[in-house]
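The values are calculated or read from the model by the stated rules, or taken from the named source; none is laboratory data. Here the structure is a predicted model, which is why all the values come from computation and not from measurement. In this analysis, Cβ positions are derived from the backbone assuming ideal geometry, glycine residues included, and neighbour counts consider all displayed protein chains. Just so you know, the surface numbers come from the protein's heavy atoms only, side chains and all, with ligands and any DNA or RNA stripped out. Shrake-Rupley method; radii C 1.70, N 1.55, O 1.52, S 1.80 Å.
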Amino acid sequence: MKTVFTTGEAAKICKVSQQTIIRCFDNGQLKGFRVPGSKFRRIPRESLYRFMRDNQIPTDALESGKRKVLLVDDDAELVEVTARLLEDDGRFEVKIAANGFDAGMMVKEYRPDIMLLDVMLPDINGKEVCMRVRSDASLEEVRIICISGMVEDDKIQELRLAGADDFERKPFDVEILIDKMCRLLDMETAAVA
Amino acid sequence: MSTASSSQPAMALPWLRPASASLLALTDDPPDASAIRLDPGLVLHALRYSRPTPDGATFALDEAILCQPGLSETAAALLGEATVSAPSDSNVLQLGQRLAHLASKLAAVMGLCSPDAAWCAGLLAPLGRYCGASDHHLSAARKLLARWRLPGWIQIAVGYLDLPLDEADGLGGHRGLNRILRAAIRRVGGESFPKFAREADGELDALAGRFAEDLPAYVEVPRDPVPELLPRLLRATARARGRSAQSWIAPLEDRIDHLVDQLAEARLDFDHRLRDAKLEALSEFAAGASHEFNNPLAVISGNAQWLKSREADPDKAGHLATIIRQTQRVHDLLTGTRQFSSPSAAKPAVHSVESLLGRVQRDIQTEADGLGIRIEVASACASFLLADGEQVRTAISHLVRNALEAVGQGGWIKLTSATAGSSVVIAVEDSGSGPAEDAQEHLFDPFFSGRSAGRGRGLGLPIAWALARNNGGDVRWDPTAPTRFALSLPLREAPKRQVA
C-alpha cells in the first residue's frame, strides 16, 4: 500500500485541484514534508487521511488505495471479463454501467478516477456521454478512455474533441489498456505486486 | 377468261434458265458481259440481283452487277432444277435481240435513258413469249416480272406495253426508256405485240426506221449443258463474294469498330459503377461488422488473456497466446476492409518523396533484416508530392510488405522514385517471382481466394490501391516488369520553406 503521496496524487484522491492541495499544504492544513534537496512536497498517508476526514472528503478511495474505474458497456460478457482483468491487476476498483443513462448517474455518485466507455451504447452514444461529463465542472478530474471496434481516424478525433482523453480499439490487449490508464492517472505503468 | 388461261402457266413457271454458254461466260474472271447480254435468262438474273437498283437512266449491265454473289449462286442452284430453257422458236429470240440492238442504239444516240437499260428492256420485251404465252404474252410477262421482283423501271417498261405511254409513266417507270422501247417495237416488233398501244413518236420513230436498216445479225446462244459448269459457278460465287465483300466490309468494319468502342466505353463505365457499388457494399458490411464482430472478439480475447494470466503451464499459455493473436488478426482484417472500402478523408500536405521513402525503409528495416532481405532506396528524384503523408506511407509500406512476402532470404527490395508528367511515381521492385498467372487479374481485389500463398496475400495491395486513389493517385502492376508495383501520386512544386 502506498504510504506517501505527491500533491497531484493527493489531489486526485481528494477530487480537488492540485492547487488546492498545495495551498492547504503551504498553510499547514495538510501536513507533510519536502523531499530533501528539493522543493517537492510529499504527504504521508495518515496525514492525508486526517485531512480528508477533517474536511468531510469521503475516505474510501484512500482506504482501499485503489483507483476507481467505471466500466460502461452493454455487452455483459465483455464487461465481466474486463472487470476481472482489471481487478486482477490489484490497483483498480471497478463498477459497471450497462448504458449511457446509468453511466451518467453513476459518474456523479461513484466519482470514478477513470471511465472506460464503449462508444456504441444502446441508448446514447459514447460521444454524447463524453460531452455530458465534460460539461459538468465537478467531473473535471475524471479521465475518459473510449473503447470501440471502429477505427476511423476522424471518428477518433471527434471523440477527442468531445472530451475523451484516449482511445482503445476492441479487441484490446489488457496490458496496453492498463498502461494507458496508468499514464492518465499518473500511476506507475508496471503493476505493483 | 383467256387472260387467266394464259397467266396460269406463267404463274407456274419456274425461273427462265440461263443458257450454258452465258453461264460459262459468267464464271470468267472478270465475267464477259458481251456474251452474257444476249441471253434473256441471264439478263433476268442480272436485273434481279442488281441491288441497289439503279434506275433506267443509270443502269449498266457491267461487271459490278455480274459479280453479285447471288447471281452465280442462284444460277448454280437452277442448274439442278427443272427450268424453262429457251423457247424452241428461235424467231422469238431473234426478235428479242433485234429489239435490244435497236433500243440500245436509240438510247445511245438520243440519250433518253441508259443504253444498257434499253438493251435489257428490248431483250425482255418478248418475255411472255419466251415462257410460252402467245396472245397474252404481255400480261404473262407483267406477272412474271412482278413475281421475280425485278426493278420497277423494267417491270413498267416491259409489263405495261399495252397501256398508253402516259398511263405507263403514271406508274412510276422511266419515261425515256418507255419511249425508246415502244419506238423499237413499232419498228421491228411486227405482229408480235398485238395488244401494244401504238402511239407515234415522230423523231424517235424516224431514227428507229434508219437504224433498223442495219441491225447486227442474230447470234445464237448455245444452250447445251456443260459438265463442269457447276463447280465453275461455285468458284465464281466465291470470287464474287470476296470482291464485293471488300467494298462493303470496310464500312461495316468501321461500324463494328465504332460499336466495339461504344461497348468498351459502356463496359468501362459499367465496371466502374460495379466497382463503386461493390466498394459501397463492402464499406457498409465492414462498418456493421466492425461493431458486431469486434465485441465477440474482445470477449474471446479478454477471456483468453485472463486465463493466460493465471496459467503456469507455458505450453497452455502459448495456446492461449495464439487465441489472442488470432482475434487480433480478425480485427486487422476488418480494419483493412474498412480502410480499403472507405479510407478516411485524405489530409493533403506537401511531403518530400525522399523522406517518405526513408521513413518506410526505417519502419521495415528490422523486419527485413530478420528475414535476411536487403532494402535499398534508390531515390532518383528530389521531388515533393501533395498527399496525406500517413496514408501514402501506409500504401508504400503495404507494397514493400507485399515484396517481403515474395522475396526469399538473400533477396532484395528496391524503392525508386521518378517524376512523370504531373505525377511522382514511386516503384517497389524485388528479386522474387511475379504473381501467379491466375492471380494477376485479381491483385487488387480484396479476399480473392486464388492467392493461397506468397505475393499479394491479404489486403495489402488492395489497401495500397485504395489509399493511392484516395490521394488522387493509382497503383499499377506492370506485366512486363512482373515484380514491380508503381504508385503514382500528384507531383507538387518544391515548397519555398523546408518541409518534413
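As for the stretch B:379-390, it holds at least one residue that is closer than 18 Å to B:Val424 by Cα and of a type in the set (Ser, Thr, Tyr). Taken together, the residues in the stretch A:121-175 that are in contact (Cβ under 8 Å) with a residue 12 or more places away in the chain, facing chain B (nearest Cβ under 8 Å) and surrounded by fewer than 19 Cβ atoms within 10 Å (Cβ to Cβ) amount to 0. Of all residues in the stretch B:342-369, those being open to solvent by less than 70 Å² (accessible area, probe 1.4 Å) and within 19 Å of B:Ser397 (Cβ to Cβ) number 16.
Quick check on my filter: what residues within the stretch B:287-303 are within 8 Å of another protein chain (Cβ to nearest Cβ), open to solvent by 50 Å² or more (accessible area, probe 1.4 Å) and within 22 Å of A:Arg84 (Cβ to Cβ)? B:Ile300, B:Asn303 - these are the residues of the stretch B:287-303 that are within 8 Å of another protein chain (Cβ to nearest Cβ), open to solvent by 50 Å² or more (accessible area, probe 1.4 Å) and within 22 Å of A:Arg84 (Cβ to Cβ). The set of residues from the stretch A:157-174 being touching a Leu at 6+ places or on another chain (Cβ under 6 Å) and acidic (Asp, Glu) comprises A:Asp165, A:Glu168.
Filtering the stretch A:176-191 to residues that are within 14 Å of another protein chain (Cβ to nearest Cβ) and open to solvent by less than 40 Å² (accessible area, probe 1.4 Å) leaves A:Leu177, A:Ile178. Residues that are modelled with pLDDT of 70 or more, under 22 Å from B:Arg129 (Cβ atoms), open to solvent by less than 30 Å² (accessible area, probe 1.4 Å) and not in a helix (DSSP H, G or I) do not occur anywhere in the stretch B:88-96. Among the numbered conditions (1) buried (at least 19 other Cβ atoms within 10 Å of the Cβ); (2) more than 16 Å from B:Leu99 (Cβ to Cβ); (3) more than 42 Å from the chain's Cα centre (by Cα), the only one that B:Gly132 does not meet is (1).
From the list B:Arg187, B:Arg198, B:Arg210, the one residue that fits, being on the phi < 0 side of the Ramachandran plot, open to solvent by 90 Å² or more (accessible area, probe 1.4 Å) and in a loop (DSSP other than H, G, I, E, B), is B:Arg198. Quick check on the stretch B:327-344: of everything there that is within 8 Å of another protein chain (Cβ to nearest Cβ) and farther than 25 Å from B:Val428 by Cα, which residue is modelled with the lowest pLDDT? Looking at residues that are within 8 Å of another protein chain (Cβ to nearest Cβ) and farther than 25 Å from B:Val428 by Cα, I get B:Leu334. In this entry, B:Glu284 passes the filter for residues that are farther than 30 Å from A:Leu86 by Cα and within 14 Å of another protein chain (Cβ to nearest Cβ). Checking the stretch A:20-30 against the condition returns a match, with at least one residue being over 19 Å from A:Thr3 (Cα atoms), at pLDDT 90 or above and under 22 Å from the mean Cα position of the chain (by Cα). Among the residues of the stretch B:305-326, is any more than 11 Å from chain A (Cβ to nearest Cβ), among the charged types (D, E, K, R), touching a helix residue (DSSP H, G or I) at 6+ places or on another chain (Cβ under 6 Å) and within 18 Å of A:Glu175 (Cα to Cα)? Yes; the residues of the stretch B:305-326 include at least one that is more than 11 Å from chain A (Cβ to nearest Cβ), among the charged types (D, E, K, R), touching a helix residue (DSSP H, G or I) at 6+ places or on another chain (Cβ under 6 Å) and within 18 Å of A:Glu175 (Cα to Cα). Every condition in (1) open to solvent by less than 40 Å² (accessible area, probe 1.4 Å); (2) more than 47 Å from the chain's Cα centre (by Cα) is met by B:Leu150 except one, and the failing one is (2).
With the condition being touching an Asp or Glu at 6+ places or on another chain (Cβ under 7 Å), I'd like the helices (runs of 4 or more DSSP H) fully within the stretch A:1-61 carrying at least 3 qualifying residues.
Hits in the stretch A:1-61: A:7-14.
Of all residues in the stretch B:390-422, those being within 18 Å of B:Lys347 (Cα to Cα) and open to solvent by 10 Å² or more (accessible area, probe 1.4 Å) number 4.
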